[in-house]
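Just below is one structure, and these are the notes that go with it.
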Amino acid sequence: MTDAVQQVAAKPARTGVISWHSTPRRVATIYLPLACFVVVLLFPFYWMTITTLKPNHELYNYKDYNPFFVHSPTLVNVKKLLFDTEYPQWLFTTMSIAIAATVLSIFASVLAAYAIQRLRFRGSQWVGLAIYLAYLVPPSILFIPLATMVFKLGLYDSPFALILTYPTFLIPFCTWLLIGYFKSIPYELEECAMIDGATRLQILRKITLPLAVPGLISAGIFAFTLSWNEFIYALAFIQSSEKKTVPVAVLTQLVQGDDYQWGALMAGALFGSIPVALFYSFFVDYYVSSLTGAVKE
Amino acid sequence: MASVDIIDAAKSFGAVRVIKGVNIPIGDGEFVILVGPSGCGKSTLLRMIAGLEEISEGQIRIGSRVVNDVPPKERDIAMVFQNYALYPHMTVADNMAFSLKLKQAPKSEITAKVDRAAQILGLGPLLQRYPRQLSGGQRQRVAMGRAIVRDPQVFLFDEPLSNLDAKLRVQMRTEIKELHQRLKTTTIYVTHDQIEAMTMADRIVVMHDGIVEQMGVPLDLYDRPANLFVAGFIGSPAMNMIKGSIRNSSFETEKGNHLPLGNAPAASEGRRAIYGVRPEHIHLAGDGIPAEVVVVEPTGAETQVIVKAGGDELTCVFRERITAKPGETIRIAPELKVVHLFDADDGRRLSA
Ligand SMILES: Nc1ncnc2c1ncn2[C@@H]1O[C@H](COP(=O)(O)OP(=O)(O)O)[C@@H](O)[C@H]1O
Ligand SMILES: [Mg+2]
C-alpha cells in the first residue's frame, strides 16, 4: 500500500505539479493543523502554570506586566496550597475514591457486558438497552433521590457515599464500552475453549479478558477520569473539608466569599490534572487501539 | 475412540428447519466426510455433534452414551475450526497445552504430549511463537496439534483447508489422511469440496438441504449415484444429463435423437427418464453419434471438449489429443456399462 503510493509519487510524470509529499504540502496539511490543535489543547495548562507561578501583584496588573509571561516567578502559591490547606489529603481522598469506584465499576461492567453479549439470555437486548437508558438520566436529577438513600444508609460525609454512587453512571458507560469490545472477540475462540474443557468463568478469565485488555484499560481510564472530575455528588454528599475531593475542595476552600485565591486555585487544578494526564499517557496505545480496532486473528 | 450414531437428528433455528432428520452411523475409527453445497447444514450437524448447537429432535450417541444433554467439554471430542480459532494471546505450546492445563494434568505429561504432537506435525521450532507469527498452513497444523494432544474419542473438522492455497491444500489433505492412519481416531470431516471428499474419506455422506442424499464409499458414489443430486455433485467435470424417455431399448431425447442403452431397466418402455453419462465415459468411435465441436480445452494429459449432439450440449473428456477445430464434426459413443438412468420425476436412480 505505502509502496504503491511512494511509487506513484516518484513518477517523473508528476513533476511540475506539487507532489503529495512536498514540504509545503506537508506543512499545510499536517503540521499547521497539528500545531493549532496542540496550542488550543495546551494553552489552558500553560495558563494554569503561569498563574500558579505569578505573585498576586503581577496577577492583577496586566498593564505593567505582560499577562502571557511570568516576570518574577514565585512558589508562594504552591506553598500555600500544600502547607496551609489540606490539599495533599484531598488529593489522596480523590485518588482513593476514583480507584475504588473504577475497580468496582469495571468488575460489575465486565460481568454485565459478558452476560449481555455472550450468554444471550432471554431479553438480554432489553437489559442492554435499559442499562443504556439509565446512563442518560443526568446526575443533576439523580442526586436528590441518591442523597436520600445516602442519608438513610448512614453514608453521608463518608467516602463510601461517593464510591457507591459513582458506579451509577460509570457502570452503564463501561458496560456499553465493553459490550462493544467483547463483540469484536471472535465467538469461535470461546466455543473452542468450551470444547477444550473450560467453564464459562474460566473462558472469561483465560480467553475473553486477556483479549479484552485494551477495552478494559480504556473503560478504566474513562471511569477514573469521570470519578476524578465528578463534582455534583462530591459537593452534595461530603461536608467535612478534609474529606472533600479536589474539584470540590479547591472551589469551596480556596474561594472565600468573593475572594478568589487564583494562584492557589490554579496550582490546585494543575496538580489535580497531573495524575489523570500521567494515567492517559501511560495507556494511550491501548486506549487508541480499543477505540479504533479490535482483536486481530 | 468411539463410534458416533446420529439417529433421526433434526435442528430448527426458530421456525426454520435446517437439519431435517438425518441418520448416520459412523464406525469406530472411521474417517467420514460430510459433503454438500454451501448452506446445506453440514456445519450445523457437526456443531450438534460437538455440543455447540442443541439437538432439536432425535439423538446423537458417542460410543454408547446419548450426548444430547452432555455439554461439549464432557463429550471428549476435539474440533478444528475453519478459521482455526487459535488463542491469539498464547504461544503455540500454550495453545496446545490449554486443554490439558484445564484438566490439571501433571506438567511432565503436558510437556510430553505437546512435544509428541509437535513432533508429529513438525511444529517443534515454532512452539514459542504466537499465532500471528505463523503462516496459514502452520496455523492449520497448530489447530490440529491442539486436537491431537487431547487424544479424544472423536475428531471433528469443519472445512479446515478452505483458507489455504491450492497447493498447500493438497499437501494438508495427505497429512490429515496420514494422521488418521496413524492415530486411528474416529474422524468426522466437513467440506464442500467433493474432490477433498473423494480423496480422503473412508465413507462419504452427501448432504443437501438438510437431508442425507446418499452415504457410501467414495467409488460407490461415483459408480452408482443414488439420485440426480449426487450424480451431479460427485465427479468433475459434472455428469452430462439429458432429458428424454426410454423407447425400444434405447433412449430418445426430448429433441428426438437416440442414445444407446446397455440394457434398459425392466418394464420401463416409454418411461420418462434422465440419461446421465460422465464426461470421461464418452469416447471417440468411428461408428458413433456425430457431434459438432463447440470448444476444445486441452489440459495436457486430457482434452476437455464441449460438443453439440442433436441439440444437446455434452462435455467430454478424452485421453486422446483432439485436433478437431470448433465447427468440425467428430463421432462419439458413451460407454454403455456406465450409463446412468434416473427417474424424471423424483430423480431417483432407475435400477440399471
Ligand atoms: N445460528 C443460526 N441461526 C439461524 N440460522 C442458522 C444459524 N446457523 C446456521 N443457520 C442456517 O442454517 C443453514 C445451514 O448452515 P450451515 O450448517 O452453516 O451450512 P454449511 O456449513 O453446510 O454451509 C443455513 O441456511 C444457515 O443460514
Ligand atoms: Mg459451514
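The values are calculated or read from the model by the stated rules, or taken from the named source; none is laboratory data. Just so it is clear, the structure is predicted and the values come from calculations on it, not from any experiment. Quick reminder, even Gly has a Cβ in these numbers, built from the backbone with ideal geometry, and neighbours come from all protein chains shown. SASA here: full protein model, heavy atoms, side chains in, ligands and nucleic acids out. Shrake-Rupley method; radii C 1.70, N 1.55, O 1.52, S 1.80 Å.
A few points about this structure:
- Dipole size of chain A about its Cα centre, with +1 on Lys/Arg Cβ and -1 on Asp/Glu Cβ: approximately 680 debye, rounded to the nearest 20.
- Cα-based Rg / Dmax (Å) for region A:18-74: 17.6, 54
- Counting, for every residue in B:146-156, the Cβ atoms of other protein chains within 10 Å of its Cβ and taking the mean gives 1.
- Potential extension, A:N66-A:R25 segment - 0.36 nm per residue separation minus Cα distance: 11.2 nm
- Those residues of region B:185-218 whose amide nitrogen sits under 18 Å from the label point placed on B:D151, 7 Å along Cα→Cβ: B:185-187
- Selected from B:Q214, B:Q82, B:Q128 as most flexible by GNM, with chain B as the system and alpha-carbon contacts under 10 Å: B:Q128
- Separation of the B:N263 and A:L251 label points, Cα + 7 Å toward Cβ, nm: 10.2
- Between B:D209 and B:R348, the modelled labels are 1.6 nm apart [label points 7 Å from Cα along Cα→Cβ].
- Trypsin sites (Lys or Arg not before Pro) lying in DSSP loop within region B:55-141, provided at most 14 other Cβ fall within 10 Å: B:K103
- Alpha-carbon centroids, region A:20-38 and region B:267-308: separation in whole Å: 70
- Approximate spin-label separation B:D220-A:I99, in nm, with each point projected 7 Å along Cα-to-Cβ: 7.1
- Apportionment of accessible area to carbon and sulfur, the protein assembly as shown, percent (1.4 Å): 60
- The stretch between A:L142 and A:K183, if pulled fully straight at 0.36 nm per residue, gains 11.7 nm over its current Cα-Cα span.
- Overall shape of chain B was characterised from the C-alpha gyration tensor. The equivalent ellipsoid obtained from it has semi-axes of 46, 25, 15 Å, in decreasing order.
- Only one residue of B:A201, A:L270, B:L179 has its Cα farthest out toward the positive end of the dipole of the protein assembly as shown, where Lys and Arg carry +1 and Asp and Glu -1 on Cβ, and that residue is A:L270.
- Annotation: for a label point projected 7 angstrom from Cα along Cα→Cβ of A:V76, residues of region A:247-263 with backbone N closer than 15 Å are A:261-263.
- Here is the interface size for A with B: some 1900 Å² of accessible area buried, both sides summed, with a 1.4 Å probe.
- Listed pairs B:K243/B:K308; B:K42/B:K337; B:K42/B:K103; A:K183/B:K11; B:K107/B:K184; A:K54/A:K79 exceeding 22 Å between Cα atoms: B:K42/B:K337; B:K42/B:K103; A:K183/B:K11; B:K107/B:K184
- Beta bridges assigned by DSSP with both partners in region B:4-233 are antiparallel in approximately 55 percent of cases.
- Cα centroid separation, region B:168-219 to region B:53-88 (Å): 19
- Shielding value for B:251-262 is 0, the average number of Cβ atoms from other chains within 10 Å of each residue's Cβ.
- Heavy-atom accessible area per residue - the protein assembly as shown, 1.4 Å, Å²: 50
- Distance between the C-alpha centres of region A:138-205 and region A:212-250: 16 Å, rounded to the whole angstrom.
- A dipole drawn for region A:78-295 from +1 and -1 charges on Cβ atoms has a positive end, and of A:I144, A:I131, A:S105 the residue lying farthest that way is A:I131.
- Full-extension gain in nm, A:Y46 to A:S281, via 0.36 nm per residue minus C-alpha separation: 82.8 nm
- Counting Cβ atoms of other protein chains within 10 Å of each residue's Cβ and taking the mean over peptide B:52-61 gives 1.
- Alpha-carbon Debye profile of the protein assembly as shown, log10 I(q)/I(0) at 0.09, 0.10, 0.12 Å⁻¹: -0.96, -1.06, -1.23
- Rounded to the nearest 20 debye, dipole of the protein assembly as shown from Cβ charges on Lys, Arg, Asp, Glu: 880
- For the options A:Q117, A:Q253, A:Q125, a Gaussian network treatment of chain A with springs between C-alpha atoms closer than 10 Å singles out A:Q125 as fluctuating the most.
- Calculated FRET efficiency for the pair B:M1/B:E57, C-beta based, R₀ 30 Å, to 0.05: 0.65
- Two-site FRET efficiency, B:N163 against B:A324, from Cβ-Cβ distance with R₀ of 45 Å, rounded to 0.05: 0.65
- Sites B:N248 and B:V294, calculated FRET efficiency, Cβ-Cβ separation with R0 22 Å, nearest 0.05: 0.15
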